[in-house]
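A.B. asks: Please read through the structure below; I'll follow up with questions.
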C-alpha cells in the first residue's frame, strides 16, 4: 500500500526551488497544501524558478489538482516561473482546463455602481445589435425560400410533415378554448353597451367583424407563439448545445434550409386553417352570449353575422394569420440558433422566442391595420 502524500522542498540554488511530490495524493487528513511552499517562497525572495517533480506520485485525485492550482496561482501573482516534470497522465490537461478560462469581470461593476444613463446606453446598443441580427436572419430565410421556389433547397419532407402535424391537430384544443372565450368576452363587453340603446342585434356585427378580421388571427398567433415558437427555440437550442448545428455546417448543409425552412413553411401553411377554425369558435362563443339576451335567437344572429361580414374581412384575417405564422417560426428558430451552450441558455432562448414573437405580432397588427385603413378596406 502506498504511503500518504508527502511534500519535500529542496533549493539547489538561490534562484531555484524544487518541490518533490510522492505517495498517495488523495483527499484526506494532513494532506500537504500549497501554503508550505508559499511560506518558503515568501521567506526566500531570490527564488525565480519553481520546479515540480511528481515522478513519485502513486495515486491522485482532486487533492493534487487543488495543490497545483493554488501553487500556480501564487506563482503567476509573484511572476515566478513554474515548471513541472513527471505529472501523472491527465493532470496536465485538467490543470490547463482549470486555468484556461479566467473569470470575467465587468470593469464598470468593479469600479462601482452602473449609472442609469450607462444602463440605458447599453440597452440601446443591445437593441440596435439585435435589430441587425434580426434583419440578417430574415434575409437568410428569404434566400432559403427563394431556393425552395427554384427546387434547390436542402430539407427533409418527412420533417415538414411531422411539423405540420404538431402545428395543426395538436394545437386545436388550446385554440378552441381561447377563441371561444374571446368571442364570449367580446359579446359580454359589447352587449352591455348595446343593450343601453336597444341595439343588441348589432352584437353579431361586433363579434363577427372583430373575430374574422383580426382577433382570431391575433389570438391564434399568440397561442402558437407560446406553444410552438417556444418549442422551436428549445429544439434548435438543444441542437446548438449538442453541436448538431455545427455538424450540419461541417457537412455543407445549410441550417437555414434544413431546420428553419420546414418550420416556417409549416406554420405559414397551417395558420390560415387555424384562424378559420378560431373564427368559427369565436362567433359561436359570441352567439352563446347573445342568445342569452332578450330579443335575439340563433337565426337572427346568423343572418346578421353573414350580412355584416365581407370577403375583405376574411381575406385580411387570413393574410394576417400567414404573416403571424412566419413571425412565430422565425422568432423561435432565430432564438434557438442564437442559443448559448448551456441548459439555462435553452430556457432563456425559449422565453426570448415567445416575447419576440408576441412583440412581432403586435407590431405587424398595427402595420396591417394602418395599411388597410389607408386603402379603405
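A.B. asks: I'm trying to understand the selection: among the residues of the stretch 149-176, which are in a helix (DSSP H, G or I), closer than 14 Å to residue 258 by Cα and in contact with a helix residue (DSSP H, G or I) (Cβ under 6 Å, 6 or more places away or on another chain)?
C.D. replies: 159, 160, 163, listed by residue number.
A.B. asks: Further, regarding this structure: Out of the residues in the stretch 53-69 meeting the condition of being surrounded by fewer than 18 Cβ atoms within 10 Å (Cβ to Cβ) and in a helix (DSSP H, G or I), tell me which one is farthest from the chain's Cα centre (by Cα).
C.D. replies: 63
A.B. asks: Kindly evaluate residue 210 against the criterion of being in a helix (DSSP H, G or I) and closer than 22 Å to residue 369 by Cβ.
C.D. replies: Numbers: in a helix (DSSP H, G or I): yes; closer than 22 Å to residue 369 by Cβ: yes.
Here the answer is yes, as residue 210 does meet what is asked.
A.B. asks: Could you please find all residues in the stretch 250-265 being in contact (Cβ under 8 Å) with a residue 40 or more places away in the chain and not in a helix (DSSP H, G or I)?
C.D. replies: 253, 254, listed by residue number.
A.B. asks: Now for a separate question. Determine whether residue 77 is more than 21 Å from residue 10 (Cα to Cα), part of a helix (DSSP H, G or I) and modelled with pLDDT of 75 or more.
C.D. replies: Answer is yes for this residue.
Residue-by-condition table, conditions (1) modelled with pLDDT of 80 or more; (2) outside any helix (DSSP H, G or I); (3) out of contact with any helix residue (DSSP H, G or I) (no Cβ under 9 Å at 6 or more places or on another chain); (4) within 19 Å of residue 12 (Cβ to Cβ):
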| position | (1), (2), (3), (4) |
| --- | --- |
| 28 | no, yes, no, no |
| 41 | yes, no, no, yes |
| 51 | yes, yes, yes, yes |
| 71 | yes, no, no, yes |
| 82 | yes, yes, no, yes |
| 97 | no, no, yes, no |
| 127 | yes, no, yes, no |
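A.B. asks: Tell me which residues, restricted to the stretch 136-148, are more than 19 Å from residue 331 (Cα to Cα) and touching a helix residue (DSSP H, G or I) at 6+ places or on another chain (Cβ under 8 Å).
C.D. replies: Answer for the stretch 136-148, where residues must be more than 19 Å from residue 331 (Cα to Cα) and touching a helix residue (DSSP H, G or I) at 6+ places or on another chain (Cβ under 8 Å): 147, 148.
A.B. asks: Oh, and also: Have a look at 247, 268, 233, 275 and point out the one that is buried (at least 18 other Cβ atoms within 10 Å of the Cβ), without any contact (Cβ under 8 Å) to a residue 60 or more places away in the chain and in a helix (DSSP H, G or I).
C.D. replies: Working: 247 fails: buried (at least 18 other Cβ atoms within 10 Å of the Cβ); 268 fails: without any contact (Cβ under 8 Å) to a residue 60 or more places away in the chain; 233 fails: without any contact (Cβ under 8 Å) to a residue 60 or more places away in the chain.
Unique residue meeting the criteria: 275.
A.B. asks: Across the stretch 100-122, what is the total count of residues that are modelled with pLDDT of 70 or more and surrounded by 10 or more Cβ atoms within 10 Å (Cβ to Cβ)?
C.D. replies: Of the residues in that region, 7 qualify.
A.B. asks: A further question on this structure: Given (1) in a helix (DSSP H, G or I); (2) free of Cβ contacts under 8 Å to residues at least 40 places away in the same chain, identify the lone condition not met by residue 197.
C.D. replies: Among (1) in a helix (DSSP H, G or I); (2) free of Cβ contacts under 8 Å to residues at least 40 places away in the same chain, residue 197 violates only (1).
A.B. asks: Restricting attention to the stretch 345-364, which residues are touching a helix residue (DSSP H, G or I) at 6+ places or on another chain (Cβ under 6 Å) and farther than 16 Å from residue 228 by Cα?
C.D. replies: Once the filter is applied, which keeps residues that are touching a helix residue (DSSP H, G or I) at 6+ places or on another chain (Cβ under 6 Å) and farther than 16 Å from residue 228 by Cα, the stretch 345-364 yields only 364.
A.B. asks: Of the residues 336, 325, 347, which single one is over 22 Å from residue 189 (Cβ atoms), under 35 Å from the mean Cα position of the chain (by Cα) and surrounded by fewer than 22 Cβ atoms within 10 Å (Cβ to Cβ)?
C.D. replies: Of 336, 325, 347, the one residue that is over 22 Å from residue 189 (Cβ atoms), under 35 Å from the mean Cα position of the chain (by Cα) and surrounded by fewer than 22 Cβ atoms within 10 Å (Cβ to Cβ) is 347.
A.B. asks: With the requirement that a residue be in contact with a helix residue (DSSP H, G or I) (Cβ under 7 Å, 6 or more places away or on another chain) and either surrounded by fewer than 17 Cβ atoms within 10 Å (Cβ to Cβ) or assigned to a loop (DSSP other than H, G, I, E, B) (or both), what does the stretch 6-26 give you?
C.D. replies: So in the stretch 6-26, the residues in contact with a helix residue (DSSP H, G or I) (Cβ under 7 Å, 6 or more places away or on another chain) come out as 7, 9, 17, 19, 25-26.
Across the stretch 6-26, the qualifying residues are 9, 26.
A.B. asks: Now, a different point. Looking at 212, 260 in this structure, which one is closer than 22 Å to residue 143 by Cα, buried (at least 20 other Cβ atoms within 10 Å of the Cβ) and at pLDDT 90 or above?
C.D. replies: 260
The values are calculated or read from the model by the stated rules, or taken from the named source; none is laboratory data. Only a predicted model underlies this, so the values are computations on that prediction, with no experimental measurement involved. So basically every Cβ, Gly included, is an ideal-geometry build from the backbone, and we count neighbours across all protein chains shown.
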